[in-house]
Amino acid sequence: MKKTQMVCLIILVGALSSFGYLAYKLQSHIAPAKQVAITILKGVRNPGTKFFNYGVKWGKIFQEFDIIPGYDIGKYNLEAKVTIDQQVELNTVGFRTKLEKIAIKNAEKLKISREIVAKIRSFLKSKKNKKLTWKELEWNLEIDSETLRTLQENFILD
């Protein structure tokens, strides 16, 4: 081999090894972040499963799900970090009536129209013995967000 070919070969091997070393070091920055799945179906305005970065705090999780006032999150340390997938069950703090027992006098106090109360009653009769979510109720009955918020704060679904 000629002297120039030998020098080119050495430079090529050096360049390849340095590229491999850089790729190895940058691999940790490119790797996807770990995530945890949190499921809350009851007591929140946005029920379902959401994915969060590994080590997220409970306060951030409850903020994302938008907890309905009257549901107890006291057993959770809002500054604690979550490192595993969780399914959360929230219970009511006080006594609230079921939505099935909504009455027109309750609706008048809460400033909900009689038509909406009638729609809710007929919808609940048609969905007897089926689990409902607030989102289903909102979509099927076309309830505005302010009325839905009032219903969520004063009634429970099950």
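Bridging of Lys50 to lysines at a Cα separation below 24 Å is possible for Lys34, Lys42, Lys60, Lys75, Lys81, Lys130, Lys131, Lys135, once same-chain residues fewer than 8 apart are set aside. Scan the chain and report its longest stretch carrying no GluC sites (Glu not before Pro) that are both in a DSSP loop and have at most 15 other Cβ atoms within 10 Å. After excluding every exposed loop site, the longest remaining stretch is 1-78. The alpha carbons of region 1-58 occupy a box of 78, 17, 11 Å along the principal axes, longest dimension given first. Oblate is the label for region 43-88, because a/c, from the alpha-carbon gyration tensor with a ≥ b ≥ c as root eigenvalues, is 1.5 or above and a/b does not exceed b/c. Beta bridges from DSSP with both residues in region 16-158: antiparallel share about 70 percent, rounded to the nearest 5.
Here is the list for region 1-54: chymotrypsin sites (Phe, Trp or Tyr not before Pro) lying in DSSP coil, each with at most 13 other C-beta atoms within 10 angstrom of its C-beta, are Tyr54.
The helix-based estimate of mean residue ellipticity at 222 nm for the chain, built from -39,500 (n - 2.57) per DSSP H run of four or more residues and divided by its residue count, is -14500 deg cm²/dmol to the nearest 500.
The Cβ shell under 14 Å around Phe52 holds other residues with a net charge of +3, Lys and Arg each +1, Asp and Glu each -1.
If you keep only loop residues by DSSP, which trypsin sites (Lys or Arg not before Pro) in region 43-111 have at most 16 other Cβ atoms within 10 Å of their Cβ? Before the final figure, lay out each step's value.
Working: sites: Arg45, Lys50, Lys57, Lys60, Lys75, Lys81, Arg96, Lys98, Lys101, Lys105, Lys109, Lys111; in loops: Arg45, Lys75, Arg96, Lys111.
Of the trypsin sites (Lys or Arg not before Pro), the ones in loops of region 43-111 whose Cβ has at most 16 other Cβ atoms within 10 Å are Arg45, Lys75, Arg96, Lys111.
Taking the Cα centroid of region 11-68 and of region 102-151, what is the distance between the two, rounded to the nearest whole Å? One Cα centre to the other: 38 Å. Look at (1) 22.6, 77; (2) 27.8, 100; (3) 19.2, 59: the one that is Rg and Dmax of the Cα atoms in Å derived from this structure is (2). Exposure proxy ranking for Met1, Met6, based on other Cβ atoms within 10 angstrom of each Cβ and starting from the fewest, stands as Met1, Met6.
Of the chymotrypsin sites (Phe, Trp or Tyr not before Pro) found in region 104-158, none is in coil by DSSP with at most 10 other Cβ atoms within 10 Å of its Cβ.
Laboratory data are not the source of any read-out in this text; all were calculated from the coordinates shown. A quick note: this is a predicted structure, and the numbers were derived from the prediction, not measured. Virtual Cβ from ideal backbone geometry, glycine too; neighbours counted across all protein chains shown.
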